[in-house]
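Everything on this sheet refers to the single structure shown next.
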Amino acid sequence: MERLQSHVLGRWHDAAGDLATLVDPTSESPIAVCGSGGIDFRAVLAFARDQGGPALAGLSFAERGKLLAGVAGAIHAKRDELIEVSIRSAGTTRGDAKFDIDGAIGTLTYYAGLGEKLGARTYLLDGAQVQLGRTPRFSGVHLCVPRRGVAVHVNAFNFPAWGMLEKAACALLAGVPVVEKPGTPTALLAWRIAREVVEHGGLPAGAFQFIAGSLGDLLDHLGPQDALAFTGSSATGAKLRGHPNLVRRNVRVNIEADSLNAAVLAPDVDPGSETFGLFVNNVVLDMTQKTGQKCTAVRRVLVPGDALSLVRDELVAALARIVVGDPADKATRMGPLASKSQLDDVRAGIERLARAGTIACGGAGPIRPQGYFVAPTLIVARDGRDPAFHAEEVFGPVAALLPYSGEAREAAVLVNLGGGGLVCSAYSNDAAWNQAFALEAAPWHGRVWLASDKMAEQALPPGMVLPQMVHGGPGRAGGGEELGAERGLSFYLQRTALQGFQGHLPT
């Protein structure tokens with residue numbers, strides 16, 4: 001059994017204290033333990049601020065980008081080994097493991113390229129100089145520089161590779177050191193990646209630290225130059241946001257939380273069209289990829305009432321073709337949930353939703369004698385406005401089919417009942433319908449994805465998070481933003497208004 005170590009203060013710290021046991025979700029066998037007992041978290045933060053921060057801030061964006069490229073290369077060199085770790089420790093199929101690990105490598109590579117593009121500067125300018133006096137001699141400019149603190153990243157269990165490294169890429173390119181804390185159930189993969197980052201040796205001392213276990217009293221020691229970025233449940237996000245020290249010292253907090261993402265089929269879409277095929281394929285992909293354990297997975301599927309039976313039958317047939325089983329088997333399309341607590345939560349969620357509708361396929365019952373397995377489950381709502389379908393996310397291979405009139409505005413109203421989401425998708429070849437829907441849905445969603453025959457061949461699925469565009473959403477989704485090319489750096493930079501003689505201002 002592995003003992004997951006933390007990497008702090010420039011060295012590895014063995015698992016200690018109250019140890020958590022990690023389990024293979026396919027066999028239910030213990031595979032590792034982790035614990036952060038004995039770590040001086042005040043010293044961890046000081047090490048990052050005193051050594052990692054100044055070293056990174058002194059580098060140009062291009063130099064920081066080269067560091068990220070080196071990390072990406074080190075992880076890519078161990079890609080095959082990491083895929084096997086993911087299958088064993090997270091219950092992912094080989095395809096899902098690649099999705100996570102390649103997403104991490106791709107995001108690092110993208111931000112490495114962005115660093116090269118930003119060049120030899122150590123700062124960014126937000127906009128052009130502004131004349132403040134009667135002549136340009138007295139002018140102003142907004143300057144963005146690395147904050148002199150630490151970025152603490154509390155990551156979710158569902159993407160131990162991509163989730164950790166997308167946050168780290170933004171912070172490190174911005175010039176801010178990171179402390180990474182993975183979700184415990186799948187921490188074995190995150191730990192193996194952390195080992196590669198450390199053994200690669202390209203990052204300055206104190207730039208990257210890794211906590212296998214709890215954060216102890218670390219949050220008590222964060223200050224006004226520090227930042228906390230969290231991905232996970234809205235309940236935990238609310239607790240973190242309200243932490244007395246974070247409130248008192250105005251620590252920056254970014255939260256990505258629950259999201260009742262929706263897919264909407266417009267009435268103009270013909271069942272034989274590319275758009276209809278894309279709709280069915282994307283819904284099935286979102287329900288089953290990573291066993292539905294994606295923050296961007298579709299949870300609500302809105303369909304015009306007169307097309308409900310047709311869409312139900314299409315989805316049920318497609319879901320029936322999904323082979324559920326041992327993720328190490330190449331024939332398997334969907335593996336187990338990541339943990340026993342996840343299994344319990346998903347089963348309870350299915351039973352709750354079933355009381356407001358009819359189970360078209362799947363259900364809460366066991367499908368294998370061992371492991372944390374649940375069948376892909378589609379529930380047809382009796383009433384598309386029933387609060388049961390808009391109140392709580394079931395974080396697994398579960399979606400609800402909701403009837404609506406076909407009107408773009410009504411679709412947006414129903415989608416917005418989710419209280420804020422990361423992404424919603426709409427499928428229509430009618431430009432006016434798409435635009436009407438997007439304008440009504442946009443205030444409540446971080447991303448609106450519009451499908452049509454004209455883009456069907458080239459489109460990446462709506463559940464795909466891209467580093468070029470903002471990831472996050474308002475309300476229930478946490479109110480935060482991540483990624484988005486240069487926008488992603490802004491959380492870690494201080495924007496300061498410089499005012500003075502035009503010739504003394506940076507350009």
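Please treat every number below as a calculation from the coordinates, not as lab data. Model, not experiment: these values are computed from the prediction. Cβ placement follows ideal geometry from the backbone for every residue including glycine, while neighbour counts extend to all protein chains displayed.
For every other residue with a beta carbon closer than 15 angstrom to the beta carbon of Ser36, add +1 if it is Lys or Arg and -1 if Asp or Glu, then tell me the sum. Spelling it out: positives minus negatives among the neighbours equals -2. Which percent, nearest 5, of DSSP beta bridges in region 293-414 are antiparallel? About 30 percent, rounded to the nearest 5. Working from Cα pairs under 8 Å separated by at least six residues, relative contact order for the chain is 18 percent.
Between Val264 and Leu302, Ser425, Ala426, Tyr427, the built amide H atoms are under 5 Å apart, and every one of these is 5 or more places off in sequence or on another chain.
The relative contact order of region 36-125, computed from alpha carbon pairs under 8 Å that lie at least 6 residues apart in sequence, is 47 percent.
The calculated 222 nm mean residue ellipticity attributable to helices in the chain amounts to -10500 deg cm²/dmol, summing -39500 (n - 2.57) over DSSP H runs of n ≥ 4 and dividing by all residues. Once C-alpha pairs closer than 8 Å and six or more residues apart are averaged by separation and normalised to the residue number of region 1-71, the relative contact order reads 26 percent.
Computed from the alpha carbon positions, the gyration tensor of region 261-466 leads to an equivalent ellipsoid with semi-axes of 27, 18, 16 Å, biggest first.
Count neighbours as other Cβ atoms within 10 Å of each site's Cβ, and list the trypsin sites (Lys or Arg not before Pro) in region 90-190 that are DSSP loop with at most 15 such neighbours.
Arg121, Arg134, Arg137
Which loop trypsin sites (Lys or Arg not before Pro) in region 192-269, with loop taken from DSSP, have no more than 16 other Cβ atoms within 10 angstrom of their Cβ?
Sparse-neighbourhood loop trypsin sites (Lys or Arg not before Pro): Arg249.
Membrane-span-like helices in the chain (whole DSSP H runs, Cα extent of at least 30 Å along the helix axis, mean Kyte-Doolittle hydropathy of at least -0.5): 94-118. The 3J(HN,Hα) values that the Karplus relation (6.51, -1.76, 1.60; θ = phi - 60°) gives for region 34-46 are, in residue order, 8, x, 10, x, x, 7, 8, 6, 4, 5, 4, 5, 5 Hz. Gly and Pro appear as x. Scaled to the globular estimate 2.2 N^0.38 Å, the Cα spread of the chain, given as radius of gyration, is 1.00.
Annotation note: GluC sites (Glu not before Pro) in region 426-496 located in DSSP loop regions with a Cβ neighbour count of at most 13 within 10 Å are Glu457.
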